[in-house]
């Protein structure tokens, strides 16, 4: 009798577990978003952007000086340069107001002579650039549609969580109104595109032509602007968090340009060893490597070796957060900066100034995991310190022993002038050029070392 009761009890437990399991699966299935309804509602807010710009062929140089055919070749190639041609580009964008304002990526419209915007209903209009921001890779354009247009609602990217369902709409490879879905794979991704990297990573399929298009949450709110893909990666895309874009959009709408805050420090990550050496529990904050001359940081007493733990009441969990926080701070605002100095935590009040054109912001000496070097924006002060000619560009600040760069012959103080023929004048250029090379490919780097220039080649293992 006891044996029979035990068997019955075991059967009941297994039955309850099975019911619980299947009800959980059914519940999960019930929670899946209805992408068909979302797509039908949101597709009218997404636009196709096509641009063109006039390209003048460069005059070809011929080393055969003194050649009797030189004059003939010169005349021939000069005549060819008169034949201008149009370079075309495709991208995406989305309406953010009923009166025709559209958000897209800066790289979609930069340098364009002509911008055409096609709506989901087939109507086409000329687009006018109202403002661009190269550092955030955002642009605001407008069309005059003579009527009320459907527009997307901007959400709150800070409420987004890893694993959350998302949907992208755009024009990959010119295939208009393409809908893809996936999840948020990660947040806070740094891909080397600039000092304000803080990308959403998603596995919703993003391809060339998706640039500038929206990434929606399941409520139909824009939580990101699709911007980049990982070279050589499959199904890995990156989007600018919409909260980062909101203040930029407002400034572009009002003035056509962006004003950023400036503190004037060069920072680096707090590694485990550095944290121990400073008596800091955990690897958090941003270590001040250098304070720029005549900067707010210098005026208000910040020093090299300070670890910035909080800025304006917000904790700095990792180094990259500081440049973004400073850039978004209103010019003239007095903020409290909490630092660890000589083992003690103290607060310094600093008035934020405006970051001027051509001036380095909160400079991040960022490592390149692929090459094994650290690079930084070249400032006049750093150029003088390292005895590097010029005051703009990207300079090598550290070379890891036995790294790819070390074996190729890189030295501290080398100025990176070109990568695979692309001119390098900012950290943004450097990041894009390195990220564009697939595994197994080569980087051909033109360096300036003292008064000499030299090429080095690196194969990315």
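The values are calculated or read from the model by the stated rules, or taken from the named source; none is laboratory data. Given the structure is predicted, the values throughout are model-derived calculations rather than measurements. All Cβ positions, glycine included, derive from the backbone under ideal geometry; neighbour counts span all protein chains shown.
Condition check ((1) at pLDDT below 95; (2) within 20 Å of the chain's Cα centre (by Cα)) across all residues:
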| position | (1), (2) |
| --- | --- |
| 101 | no, no |
| 107 | yes, yes |
| 146 | yes, no |
| 150 | no, no |
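Going through (1) assigned to a strand (DSSP E or B); (2) surrounded by fewer than 24 Cβ atoms within 10 Å (Cβ to Cβ); (3) touching a helix residue (DSSP H, G or I) at 6+ places or on another chain (Cβ under 7 Å) one by one, residue 183 falls short only on (3). What are the residue pairs meeting all of these: first residue in the stretch 102-115, first residue assigned by TED's automatic domain parsing to the domain that holds residue 249, second residue surrounded by 20 or more Cβ atoms within 10 Å (Cβ to Cβ) and part of a loop (DSSP other than H, G, I, E, B), Cβ atoms under 8 Å, and 6 or more apart or on different chains? Note: no pairs meet the criteria. Only residues that are under 27 Å from residue 234 (Cβ atoms) and buried (at least 19 other Cβ atoms within 10 Å of the Cβ) were counted in the stretch 428-450, giving 9.
Just to be sure, is residue 417 modelled with pLDDT of 85 or more and assigned by TED's automatic domain parsing to the domain that holds residue 454?
The answer is yes for residue 417.
Report whether or not residue 295 is out of contact with any helix residue (DSSP H, G or I) (no Cβ under 6 Å at 6 or more places or on another chain) and under 17 Å from residue 376 (Cβ atoms). Spell out how you get there, then give the answer.
Working: out of contact with any helix residue (DSSP H, G or I) (no Cβ under 6 Å at 6 or more places or on another chain): yes; under 17 Å from residue 376 (Cβ atoms): yes.
When the stated conditions are applied, residue 295 passes them.
Selection of strands (runs of 3 or more DSSP E) fully inside the stretch 220-313 by the criterion of at least 1 residues being touching a residue at least 60 places away in the same chain (Cβ under 8 Å) and touching a strand residue (DSSP E or B) at 6+ places or on another chain (Cβ under 9 Å) returns 221-229, 237-241, 265-268, 286-291.
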